[in-house]
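Right, one structure below, let's go through it.
Values quoted throughout were computed directly from the atomic coordinates according to the rules given, and no laboratory measurement underlies them. Owing to the predicted nature of the structure, the values given are computational and were not obtained by experimental measurement. Note: ideal-geometry Cβ built from the backbone for every residue, glycine included; neighbour counts use all protein chains shown.
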Amino acid sequence: MKSVYGVLIAGMLVFVVGCGASPSADRTDEPTSQYLVDAEPSGAVSVGDANASGEDGQPITLVGLIGGSTEPFVDGLAAFTIVDESVPYCADEEGCPTPWDYCCTQDQVKDNIATVKIVDESGGPLAEDARELLSVKELSKVVVSGTAQKDEQGNLTVVADQVFVKKD
């Protein structure tokens, strides 16, 4: 009888050890997309500075908070807007249900906002929601690197090839 229990216990140990999660399976600090990087890119400038001095077609790295409107994400695409972190957003105690829209400081947003878009190999917008692709949400602080694009009105877009999400 003792040998039957011994075999059962040995079998259960083999099962438990064999079915355990691998050490890397639970790691959450590794990038989950090819665009998400685990080291902060150097040389980041503020969104406001980039708007003032960024030139079309030049490499650029900037830092900001996801926001600028009630819907800063483009549904179904890897695109969103970021605002210079020096621009204050509304606090909960001010009665603002969507502080990321900067409703209290809209006059400061125009010169301190940029669009970030991630494109596929053909240059078209990546058809994947940025929230899922990058594990971000409104007011997430990000550092993006890519190429600056300015339209006729001077609006800045960053065609990003790297995104670093700063953890608070």
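Tabulated results
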read-out: Lysines with Cα under 28 Å of Lys141, excluding same-chain neighbours fewer than 8 positions away; value: Lys110, Lys117, Lys150, Lys166, Lys167
read-out: Gain upon complete extension [Ser33, Ser135; 0.36 nm per residue less C-alpha separation]; value: 35.8 nm
read-out: Stretchable slack from Asp75 to Lys166, in nm (0.36 nm times residue separation minus alpha-carbon distance); value: 30.5 nm
read-out: Relative packing of 105-113, 135-143, which averages over residues the other C-beta atoms within 10 Å, highest first; value: 135-143, 105-113
read-out: Extension gain, Glu128 back to Thr98 (0.36 nm per residue minus Cα-Cα distance, nm); value: 8.4 nm
read-out: Glu55 versus Glu40: modelled label distance in nm, points set 7 Å from Cα along the beta carbon direction; value: 2.8 nm
read-out: Packing-based ranking, highest mean first, of 47-53, 124-130 given that Cβ atoms within 10 Å are counted; value: 47-53, 124-130
read-out: Residues Tyr89, Tyr102 arranged by fewest to most Cβ contacts within 10 Å; value: Tyr89, Tyr102
